[in-house]
Amino acid sequence: MTSATQDLTTGRHVGMSIAERTRADFPILSQCSASGSPLVYLDHAATSQKPQVVLEALQHYYSCDNANVHRGAHQLSARATEAFEGARATTARFIAAASASEIVFTRNASEAINLVARSWGDANLREGDEVLLTVMEHHSNLVPWQLLAQRTGCVLRHVQVTEQGMLDLEDLRCKLSSRTKLVSLVHISNTLGCCNPVQDVVAAAREQGAKVLLDACQSLAHQPIDVSVMGVDFLVGSSHKLCGPTGMGFLWAPEALLEAMPPFLGGGEMIQDVFLDHSTWAALPHKFEAGTPAIGEAIGMGAAIRYLQALGLDQIQAWEAQLTRYLFLRLQGIEGLRILGPTPEQQAGRGALATFLVDGVHANDIAALLDLSGICIRSGHHCCQPLHRHYGVTASARASLSFTTTFEEIDRFADELQGSISFLREHS
């Protein structure tokens, strides 16, 4: 394998990159757009593409092992259960959890946050207690707490961002108090791209006796995650953001915390014994997993995680950091374009994305024109309406990268973006 180096004058990669080694693993990336141009997918923050090994894992389960888990004595059920629980063990190792019993499978990260709000929140929060959030949160980390506040009378407070588009730690420390019971925040913002200082947040929260929930959807596929080092109390993730199938996510929390929490949903699977007037609950993590689970999707997520681990999260992070620096370099050369969030120079560990505004041009028009050229980016509020209101806009455009992204794709995107902006300005 050719070694990889970097051209220090341009930031361009020299030699065989991780993108060159992996692009053939993703069938969707080989297609051409309706215009006949090769497809350029720069919307990885919305959902990741799936490697062949994930597609094969799904196909194998439904073709060879399709059966319900935990309930059957026959060989199909035994194989399905082994693969399903194997995916749980894989997920636990991926984030350095102490036990597979600490991994609760959910439909997605949104459901995982709702689980915490409904189970832990309803049992522990009372009128006047406070939950501390940030203005950069995805709606999935805002709405469940709003519903909790309506049910319990707890108070929601929100940490602001700095001028550079990073978490304002001083504001966080000022708003923390003995009334704060939970701090819930994103690890990497899906809009600003900033990587929040988790250990600093945890240390500040601990001084007030508050717990911390971390939304790791935008970081799990891009850097190593170790919950024992982070020190958080809850962590949520989503399969479709880490090269796995949709309809699958997970919640991590320590066993003692999960044991103390009541069930979220009732039904089959989550029970030990059922009587006409009461029931007892299954052992962890099953007491939180009512009904037939998304078996194939869990197996697919396990395959995706093993794929990422084989590539190496450190290598992925290093490659994407190079790409991000080059993306910013190209975008900063476009007149009238403003990027939201810190630059790579301001925060080296920021996420591999760039969210931007263009003077006099709507983000949706930019995305529509780029799509005609076979380039897929995101436009809109990115499920972050409060953050967009903070900046006084209703929408922005976002290009988000992956380890499969190449410098050539960034060049094509930047060139087409410049042309699209010029066209829209001429015809406005």
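In table form, for the structure just shown:
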item: Segment 56-103: trypsin sites (Lys or Arg not before Pro) falling in loop per DSSP and having at most 16 other Cβ within 10 Å; result: Arg71
item: Segment 214-372 - accessible surface per residue (Å², probe 1.4 Å); result: 38
item: Estimated inter-spin distance, Ser37 and Ala395, nm [label 7 Å along Cα→Cβ]; result: 2.0
item: Net charge contributed by nearby residues that have their C-beta within less than 15 Å of Leu372 (K/R +1, D/E -1); result: -3
item: Segment 150-211, relative contact order [Cα under 8 Å, separation at least 6], %; result: 32
item: Dipole-positive endmost among Ala117, Leu148, Thr106 within segment 77-149 (Cβ charges, Cα centre); result: Thr106
item: 16 Å Cα-Cα reach of Lys241 towards lysines, excluding residues that sit fewer than 8 places from it in its own chain; result: Lys50
item: Top positive-direction residue, dipole computed over the chain with Cβ charges, set Phe234, Ala304, Pro27; result: Phe234
item: Residue of Ser239, Ser110, Ser30 that the Gaussian network model of the chain assigns the largest fluctuation, springs spanning Cα pairs under 10 Å; result: Ser30
item: Summed side-chain charge close to Leu311 - residues other than Leu311 whose Cβ falls under 13 Å, Lys, Arg +1, Asp, Glu -1; result: -1
item: Highest-fluctuation residue, Gly296, Gly341, Gly267 considered, GNM on the chain with Cα pairs under 10 Å; result: Gly267
item: Heavy-atom accessible surface of the chain: percent carbon and sulfur, 1.4 Å; result: 51
item: Magnitude of the charge dipole, segment 39-174, Cβ model with Lys/Arg +1 and Asp/Glu -1, debye to 20; result: 540
item: Charge sum, other residues only, whose C-beta stays under 10 Å from Asp43's C-beta, Lys/Arg counted +1 and Asp/Glu -1; result: +2
item: Whole-number percent relative contact order across segment 85-191, with pairs defined as alpha carbons under 8 Å at least 6 apart; result: 27
item: Rounded, prolate or oblate (a/c below 1.5 giving rounded, otherwise prolate when a/b exceeds b/c) for segment 186-269 by Cα gyration tensor; result: oblate
item: Positive-end residue, the chain charge dipole about Cα centroid, Cβ charges, pick of His158, Gln218, Ser37; result: His158
item: Net charge dipole size for segment 271-352 [Lys, Arg +1 and Asp, Glu -1 on Cβ; Debye, nearest 20]; result: 420
item: Tensor-based shape of segment 82-133 (alpha-carbon gyration tensor, a/c under 1.5 rounded, otherwise prolate or oblate); result: prolate
item: Coil-residue GluC sites (Glu not before Pro) of segment 62-133, DSSP, other Cβ within 10 Å capped at 13; result: Glu127
item: Point-to-point label distance, Ala310-Asn124, nm (Cα→Cβ direction, 7 Å offset); result: 3.9
item: Prolate/oblate/rounded label for the chain (Cα gyration tensor, a/c 1.5); result: oblate
item: Equivalent ellipsoid dimensions for segment 271-428 as semi-axes, Å, which come from the Cα gyration tensor, largest first; result: 41, 21, 15
item: Mean-position separation - Cα centroids, segment 226-259 and segment 275-327, in angstrom; result: 7
item: FRET E, pair Ala89, Phe275, Förster distance 30 Å, beta-carbon r, rounded to 0.05; result: 0.35
item: Linear extension gain, Ile28 paired with Cys174, 0.36 nm per residue minus alpha-carbon span; result: 47.8 nm
item: Dipole moment magnitude, nearest 20 debye, the chain about Cα centre, only Lys, Arg, Asp, Glu C-beta charged; result: 200
item: Candidate lysines - alpha carbon under 24 Å from Lys211, same-chain residues fewer than 8 apart omitted; result: Lys175, Lys181, Lys287
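The values are calculated or read from the model by the stated rules, or taken from the named source; none is laboratory data. It should be emphasised that the depicted structure is a prediction, and the values quoted were computed from it without experimental measurement. Don't worry about glycine lacking a Cβ; one is built from the backbone with ideal geometry, like all the others, and counts go over all protein chains shown. We work out accessible area using only protein heavy atoms, side chains counted, and drop any ligands, DNA or RNA first. Shrake-Rupley method; radii C 1.70, N 1.55, O 1.52, S 1.80 Å.
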